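The block underneath contains the structure these notes are about, expressed in structure tokens.
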Amino acid sequence: MAEKIKFVCEEPAVLLFSSITQKSAPKGVQTAEPKYSGTFGLTKHDWDRIIPVMVQAITSEMGQFSGNPNDYYLACMSGNNAANRVMQKAEYDAGILRSKGENDKAFQLVEKATKRADEYRKHAGILSASSKYDIELARLEGGAIKDIIGDAARAQAGKDFFYSGGIVVPSIALQGFRRKKLEDRDGVTAYLQNCLYIRKGPKLDLGGGTASNGEVFSGFQNYSDYDPLANAPGGGDNWNTGGQSQGNGQGAGQSQGAGSNAGGNQGQGSGSTTQSHSNQGGDAWGNAGQQNNGGQQQNNGQGQQGGGYQPQGGYQGGSTQDAQW
């Protein structure tokens, strides 16, 4: 049996998805065994550290490493590669839904995946680890490490500390494994053993299918809720408060009827936003030297085409000098 190699992050990581205090199983997989699990966003420092440890774990089981990480299943992959895989699967699944006429579900699926992919690109590495057994939990308080013991304390810690967005330090054991089916891949898995809570971070909502109302209607934040026509004449008075709007770019409202026009809505044709993602000059581990996320084209009446989109505050990739890593 391949040896288990201990790995502890030396820098805090972001807890992206958390089932650390309660077991869960992947949706839609009936034979999957519920486990404790966590997905972590690693810094560049720990991403660089974990690569040779994964190679060591694979070599321990297989006797050698092919030199190409794409030949294996990896417990930790680059943020760029993780994001690309999320989008590829989402587009494939969305295509199936569209073929069935379920366009709304397809849109929500891609929207959720895009949100997750954007978050993944902010981190140098994305680590997934799980365990059948309870995770040893602790928290940092006043410079001292305090264990979290007992079912009630663990359940509360899952709400207060180990949530999506919390800043933590995971400790794992990496172990190589051989494929069970010909179409599968050999690889390395990560067993989650300990997790230390460091501090609070902004909560992440990467599992929702649609954006929040605050995100959808952000453009209306400074609008007034006062109705200027609240005291306008009505009934038989000679006012036209209707008007017809035409949404061809910017079309002024047209009024009908005699008298003065107090209505006249202004139509504005809303368009669509498209994004494309590609990696150029990257190495096999997904450390992109030059990242081109395409242009954004927005059509709201008069089309505007912006420059290349870059996620804010994200990890910008590694060196182009590393041909394989």
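Of all the residues that make up the stretch 105-144, how many are of a type outside the set (S, T, N, Q), in a helix (DSSP H, G or I) and touching a residue at least 24 places away in the same chain (Cβ under 8 Å)?
Looking only at the stretch 105-144, we keep the residues that are of a type outside the set (S, T, N, Q), and these are 105-107, 109-113, 115-127, 129, 132-144.
Filter once more, keeping what is in a helix (DSSP H, G or I): 105-107, 109-113, 115-120.
Restricting the remaining residues to those that are touching a residue at least 24 places away in the same chain (Cβ under 8 Å) gives 109, 111-113, 115-120.
The qualifying residues number 10.
I'd like to verify a number: residues in the stretch 31-80 that are crowded, with 17+ Cβ neighbours inside 10 Å and at positive phi, how many?
0
So which residues in the stretch 6-19 are crowded, with 17+ Cβ neighbours inside 10 Å and closer than 12 Å to S171 by Cβ?
Those that are crowded, with 17+ Cβ neighbours inside 10 Å and closer than 12 Å to S171 by Cβ: F7, C9, A13.
With polar (S, T, N, Q) and under 17 Å from the mean Cα position of the chain (by Cα) as the only criterion, which of Q88, Q22, Q64, Q56 stands out? Explain how you work it out, then say what you get.
Values: Q22 fails: under 17 Å from the mean Cα position of the chain (by Cα); Q64 fails: under 17 Å from the mean Cα position of the chain (by Cα); Q56 fails: under 17 Å from the mean Cα position of the chain (by Cα).
So the residue among Q88, Q22, Q64, Q56 that is polar (S, T, N, Q) and under 17 Å from the mean Cα position of the chain (by Cα) is Q88.
Condition (residue is farther than 22 Å from A75 by Cβ, modelled with pLDDT of 95 or more and touching a Phe, Trp or Tyr at 6+ places or on another chain (Cβ under 7 Å)) applied to the stretch 158-173: is it met by at least one residue?
yes
Which residue is farthest from the chain's Cα centre (by Cα), if the candidates are limited to the stretch 38-53 and must be of a type outside the set (A, V, I, L, M) and in a strand (DSSP E or B)?
Initial filter on the stretch 38-53 (of a type outside the set (A, V, I, L, M)): 38-41, 43-49, 52.
Right, trim to in a strand (DSSP E or B) and you get 38-41.
Working: G38: 14, T39: 11, F40: 11, G41: 11 Å.
Result: G38.
If P26 satisfies all but one of (1) more than 21 Å from R121 (Cα to Cα); (2) part of a helix (DSSP H, G or I), what's the number of the condition it fails?
The failed condition is (2).
Going through the stretch 103-116 one residue at a time, which ones are closer than 8 Å to A90 by Cβ and under 8 Å from the mean Cα position of the chain (by Cα)?
Residues of the stretch 103-116 that are closer than 8 Å to A90 by Cβ, as a first pass: 109-110, 112-114.
Within the stretch 103-116, K112, A113, T114 meet the criteria.
The values are calculated or read from the model by the stated rules, or taken from the named source; none is laboratory data. Just so it is clear, the structure is predicted and the values come from calculations on it, not from any experiment. A quick note on method: Cβ atoms are made from the backbone with ideal geometry, for glycine too, and the neighbour counts reach across all protein chains shown.
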